[in-house]
Structure formats: structure tokens, C-alpha cells
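Some notes on the structure that comes next.
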Amino acid sequence: MAEAVDLSMFVTRDAAGHAHMNLAVDGIGCANCIRKIENGLKQTPGIVEARVNFTDRRLSVDWHDGEVTAGEVIQALERIGYQAHPFQPARVESDEAQHARWLLKCLALAGFAAMNVMLLSVSVWSGNASDMTPETRDLFHWLSALIALPVAAYAGQPFFQSALRALRARQVNMDVPISIGVVLALGMSLVETATHAEHAYFDSAIMLLFFLLCGRYLDHAMQRKTRAVAGNLAALKAETAHRFDTGSEVVTVPAAALHPDDRLLVRPGERVPADGVIVSGSSEIDESLLTGETARRSIAPGAVVYAGSLNFSGALTMRVTAAGAGTLIDDVQRLLDKALSSKSHIVRLADRAAGYYAPVVHTAAALTALGWLVAGASLHDAIVTGIAVLIITCPCALALAIPAVQVVASGALFRSGVIINAGDAIERLAEVDTIVFDKTGTLTLPEPRVHNAALIEPELLESAARLALSSRHPLATALAREARQRTPFEGAVEQPGQGVRALIDGVEARLGSAAFCGIAEDAKTVENAGTSIIVYAHGGRSARFEIQQKLRPDAKAVMKSLATLGFDLQILSGDRPAAVDPIAKALGIWAWRGGLKPADKIAHVESLKQEGRRVLMVGDGLNDAPALAAAHVSLSPISAADITQAQADAVFLSERLVPVLEALIIARRARGLMLQNLWLAVVYNVIAVPIAMAGHVTPLIAAAAMSGSSILVTLNALRARRRAANRMPQASTPAVPIAAPRPA
Amino acid sequence: MNVLIYLVPMALALGLTGLAAFMWSLRSGQYDDMDGAAVRMLSDDDLAPP
């Protein structure tokens, strides 16, 4: 690229004259890459520090300001052999990193306390059986209190804070019974210790915190990992724009750095980087990412264009308008707000379980205390037994039942190329009975492909495809995908708006319109709205390539499997009915509608909801965003428009459609395991509560029951690890994302 | 049981040492890149060539 690249928005400077930049790096795969990148960069004069984060596939670079530029850093990396994309770490990410450290600190403290308190407790238990004096037992109890109380006050905060938040909102979540249990157990133990009693439950309370913190930390770590991948993918996708700076000089800037009233150059084959108005030039643009419509729209000065449209034929100059100025975006945004406000009532499975659990257990504890009072026990004994019921039922297994499955299932989804955006997406995916697909870019590949490649001589196809590498025209780009050898021909010349030519083996080859190649139009293969023709001539031979939207390679097989699994499949498209019909027929889907506006799509999804169906919406276009938000749960391919991707509960990375199927299978299995775990926890309580009510719970029994049930639940959750391989229509290649951490 | 007078503080001190070591490792960023740490040990750049 000859023109200057302005990356200043990614660079931060400190007082010492150092500049700093974060990059997402493509292709870091092994230990050797770390060394190559770090050593290679440090040999570049001016660079002070380069540090690869292998977990996130990221690189942070520091250099002396003025000696090198950000662009040179990226070029240096390119010379070493790596594609790097600068990015600004999102605020959320640094907040989450801080939260993760805090959780880890709490976990370490709880672990330390659990070990030491247990050391003291085991001595007391064995001492009770042999010859420990009451004085020694008291000393050990006091020591336990000394360790347990401050640690619980600190390490219990994740639960206490969350419980308080829920109570303030007049709701009950799982942290409410946890907090009550921990506080009561510690309080009672303290009173018991002060009155020289035989039993104290410091170990149970601390162990409970330790187990729960393990679950919470892992859950959080998994979320952070998927977020890091999403961040890297966003950095890779980051669009650049060619901005006219003072006069006629063109500077390449990240699309995120654009302001209203900037003037931009959009070349053929590029996507429009921001919403705006055309100032000069005329062209055809493809808005399929926005509206699903595959026919191109011709535009002239004064026309409004939206970010994400693909410029087809001519260079355009446009003026950026404030985001959301377009009527289409306004429409979508208004529908989105409405859809989101109606969505908040979905209650997570864990909170629903807590809603049943808390009243039952607290009533049981109160009844136990009352029962013992009525039966003539002392007030002290009655209260102690009541609290023992609370301790034994303290929802350790219950609180781990769902997060443990969630962590394992998110990992399995990650390996299948599905990145979860919303925490409860797995639960909601499992409830789906109806799947609504968008057509353009979802069922079909986001970019058009050569339709008749199989009918053309391989040798001719190969040379045409290699010649196409030299052009940026979207049709040529589609043809270039067929090239096996990725080196363009030398001396290829592009004639804007017409085609590209080069000398191959001494004979001129031309690729472009029929007229450009000197070939008469063929009446049989006229262009229609869905198909474009590009012609290739070399010597006496010629070929016509029909370029059109192609189905994702496994779409048919996936649809068949989904139908076999009992899902009701539908297509809602913004494209013309004539373009949807053949696709729906090919996939065997009878319920389809075409020519829909965003409002029509959302209305259809709402009417399905009215019928009591749980709808999964799979879509990529801007016009799908409201429907995605309105659906029970939603999926987007990674090529989706930004607003749409932000709405989706999960994003899949593959060119295939099989991640949708895998996601549903994994989610169903995960939900099965979650319910199984909840039942395990219930069965455990049914056995343990009568023992506690009868007043037979010693600290030893409480500790054994608690760890036993937690381990059982966690082991059961590990069964969610298995991939959905046995039910796949075909062996799916693992969709490992670019610049993604290696699946652990 | 007099042995407890120094055994208990010793046990606690050992535990606290471990905790302090963990806190130090956390603060010095050793948990920021867990996968990286696992593969970095395979690189022997820090050794002088023989």
C-alpha cells in the first residue's frame, strides 16, 4: 500500500517517551513462534520490549517514541512472517482481568484457610474419639475461628455482594442461601466455641467457600477466554477506511477513528466503512449484508449508503454522517430497543432453582427448630439443630451443579467453533424447538462463488483464477478463490470497470466483461438478478463463469439432521421471493418467506413466540438484528454485521453450518446434565436433611457430605466434554479460529 | 501436649508462607499467560551457546 497508514488511535504514550501498542497476532501456534516474534522485534532498533501472551494470542510492544512508527512495527512483524492487527483492549476486558485476579485471590485465601482449619478439625475429630482434653479442643476451635472468620469475611465477598444485589432487587439467587448458610454456620460455631461446646463448623463453612470459588473462577476464566477470542476476531475484521486529509492526500485509518463529515474514498471491491452520503462517483453496491437482498443497487451522488455495503464497480467519494442517521439503521435500532425490553424476563435455570430451594430449606430449618422446642429441647439445642439443617443443605452441590456444566459445555462449544456471548445461551439453546434461518450469508456463504466450476476445464479454470488474483473486483475475487496456486501472473494490468489482462505463455489472456474479452454475448447465459457472468479468454479458448451466492457446503446435510432431530425449520429472507425459492427447495424447507423488512421478520418471530414456540434465530444481516434480539436465542456467523453480532447469543466461526447443529446437540446434552445435577443435589438433600433434623449431624458428617456431593456433581459435569461427533452428518473439520487460543 | 505450643504456630507459619508466595506470584503477573508459561520453559535462549 503506497499511502500512509494512520494508526495513532491504537498507540498510547507514557511520560518516559515510550509508546505502547497491543496487537492481535495471526498464526501463533507453538513455543517457537513466541521466541521468533519477541527476538525478531527486539532486534529492530527502537523497540524496547515485546511480550507475547500465548493464551490470548496477543502481543504488546513498547518502543522509543519517534524512533519507530506503529506501521513499521507491523511491517517488522510481517517480515518475520506474522500478520498483526492493532486493537484497543476493550474496557470490559481489563475490568474482567481485574475481577479474575480478585477471584483468584479469594480462592487462594479460602484454600489456605480450608487446609489449616481442616488440619485443626481432623485433630479435634480424632481427639474426640481418643483422649483430647476439652481445653485443647477449645484452643483448636479458637484457632480455627481466628483463621476462618477473617478469611470468610474477605473470600466470601463475591457471594455476599451478589446476594445483597439480588435482595435489593427483591429477587432470590443462589448466593442468598449460600451467604445465609455461611454466616449462620460461622456465627453458631463462634457461639458454640465460646460456650465450650463439642462441635464447631468452621471447616464446613470455609470448605464450602473454597469449592464454590473454584467453580466461580473457572466459569469466569472460560468467559474471559471466549471474550479474548471475540476481541481478536474483531481486530482481524477491523475495517480500514481511506480518508481524504487536507487537500487530496489519502490516508488509511481504522474505521473506528472516523468522524462525521470526514470525506472517504471507497474503491471497487471494498466495503463502505461508515454510514454516509455519496459526494461524487457512481457505482453499484451490494447491500446483502444489510438487507439480505442479493440484487445490486446502483447509486449516484446524493445517495445514502450504509456501513457494510460492498462497492462493486466504480470509485466513490463519500461524506460520513453521524452513526444512525440512516433511516434503515434508525428502524433497526428502534425495533431492537423494543425487542430487548421484552427479553429481560427470562430467568436463568440456577436462579429458578434457587427460587424453589431457598424457601423450602429455610422453612425446613425453622420447622426443625420449632419441632425440637415443642418436643421439649432447650432453646439452644433447638437453634443449633435448626442451623445444622441449614449447614447440611447449604447448596454447595446445587450451586456447582450448573456452573460446572456451563464451563465444560462452553469448552466443548469452543472446540466446535462456537463462541458464547451470553452467559445463559446454553440453557436457552437447549429449549429450542423452532429454527428460523436467514438466507443470504447464513444459509449461503457470505461471499459469492463460481457456480459452474465443475463444468469448466480445470486448466482453464486455474489460469483464469490466477489472473483474477490481480483484480479487486468482487466477481474476480470470487473467481480467485478457485485458484490453487496463490501467485498472480506477472505484469497483469487492470483496466478499471472493464477487466484485467496479462501475457500468459506469450499469449494475451483477458478476464472481464464479454465485450472486454471480444466475445459475443451468449443468449443462454444472460445475467439475471442472482447470477453474474465473468468471461475469460486465452488464445482461442474461452470460458464463462457464473458467479452467484452458493449454499454453505454442508447446508443440506445439516438441515436434514436438524429435521431428523425434530426441529421445525423456516427461512425468513429480505431477498426477493424468486431468489429464496430455489434455496428453500434445495434444502427441503417448505416454510419460507421472502422480501421481508426487519419489522416483518420480528413480527413473524413474535407470532411464533405467541404460539408458545422457542425460536432459535440464525442470521447475519443488519436486518436480522431485531429478530435475533426478539428470538428466544440467536446465533450469527462471524461474517455478520457488527450490530447483528452484538445481538447474537453466540457466534460461529466456520464456513460450514455444522456448528449450529453441534451447538444444539451440546446444549441439549448440557441442559440434561444440569437437570441431572440438580436432581443429584436434591437426592443428596433428601438423604441428609432427615439426619440433620434428627440432630445427628456432626462436623465430620457435614464436611464429608458437602465435599462428596460437590465432587459427584463436578464429575458428572465433565461428561459434557464429549463432542457431538457421533451424530454428525459428516466428519467436521475442527473450526479453529484464526488468532484464537488453542482449545484447552 | 506442650509440643503444640510450637507445632501449631509452625503449621500456621508454613501455610502463611505458601499463601504469601502465591500472592506474590499473582501480583507479578504469573497468572496472566498460563499457556505461555507452559511453552516458554521449552525455549533455551537464556543459555549461552556451548
Net +/- balance of residues flanking A:T385 in space, Cβ distance below 15 Å, scoring K and R +1, D and E -1: -3
Two-site FRET efficiency, A:R472 against A:R168, from Cβ-Cβ distance with R₀ of 60 Å, rounded to 0.05: 0.60
A:K36/A:W590 FRET efficiency (R0 45 Å; Cβ-Cβ; nearest 0.05): 0.25
Distance between the stretch A:259-296 and the stretch A:85-131 - C-alpha centres, whole angstrom: 53 Å
Accessible surface buried upon B-A contact (total; probe 1.4 Å; Å², nearest 100): 2100 Å²
Cross-link reach list, aspartates and glutamates versus A:K42, counting only Cα pairs under 14 Å and skipping chain neighbours closer than eight places: A:D62, A:E67, A:E72, B:D45
Sulfur and carbon atoms: percent of accessible area, the stretch A:68-225 [1.4 Å]: 61 percent
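Can you bin the protein assembly as shown into rounded, prolate or oblate? Criterion: square roots of the alpha carbon gyration tensor eigenvalues sorted a ≥ b ≥ c, rounded for a/c under 1.5, prolate for a/b above b/c, oblate for the rest. Before the final figure, lay out the partial values.
Numbers: a/c = 2.67, a/b = 1.84, b/c = 1.45.
The shape class here is prolate.
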Inter-chain Cβ neighbour average for residues B:35-42, partner chain, 10 Å: 5
Helical segments meeting 24 Å axial Cα length and Kyte-Doolittle -1.0 threshold in chain A (DSSP H): A:91-129, A:134-155, A:175-194, A:202-237, A:349-374, A:396-415, A:658-693, A:699-717
GluC sites (Glu not before Pro) restricted to DSSP loop in the stretch A:238-308 with at most 16 other C-beta within 10 Å: A:E239, A:E249
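Per residue of chain B, what 222 nm ellipticity follows from adding -39500 (n - 2.57) for every DSSP H run with n ≥ 4, rounded to the nearest 500? Provide the component values of the computation, followed by the final result.
Details: 2 runs with 31 residues, N = 50.
It comes out at -20500 deg cm²/dmol, rounded to the nearest 500.
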Farthest toward positive dipole pole in the protein assembly as shown [+1 Lys/Arg, -1 Asp/Glu at C-beta], among A:A663, A:G156, A:T226: A:A663
Solvent-accessible area per residue for chain A (1.4 angstrom probe, square angstrom): 43 Å²
Greater than 29 Å apart at Cα, pairs in A:K560/A:K601; A:K237/A:K585; A:K225/A:K439: A:K237/A:K585; A:K225/A:K439
FRET efficiency estimate (nearest 0.05) - Cβ-Cβ, A:T252 to A:A694, R0 56 angstrom: 0.15
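Under unit Cβ charges (Lys, Arg +1; Asp, Glu -1), what dipole magnitude, rounded to 20 debye, does the stretch A:1-111 have relative to its Cα centre?
500 debye
The values are calculated or read from the model by the stated rules, or taken from the named source; none is laboratory data. Note that this is a predicted model, so its numbers are computed, not measured. FYI the Cβ positions are ideal-geometry reconstructions off the backbone, even for glycines, and counts take in every protein chain you see. What goes into the accessible areas is simple: the full protein's heavy atoms, side chains included, and nothing from ligands, DNA or RNA. Shrake-Rupley method; radii C 1.70, N 1.55, O 1.52, S 1.80 Å.
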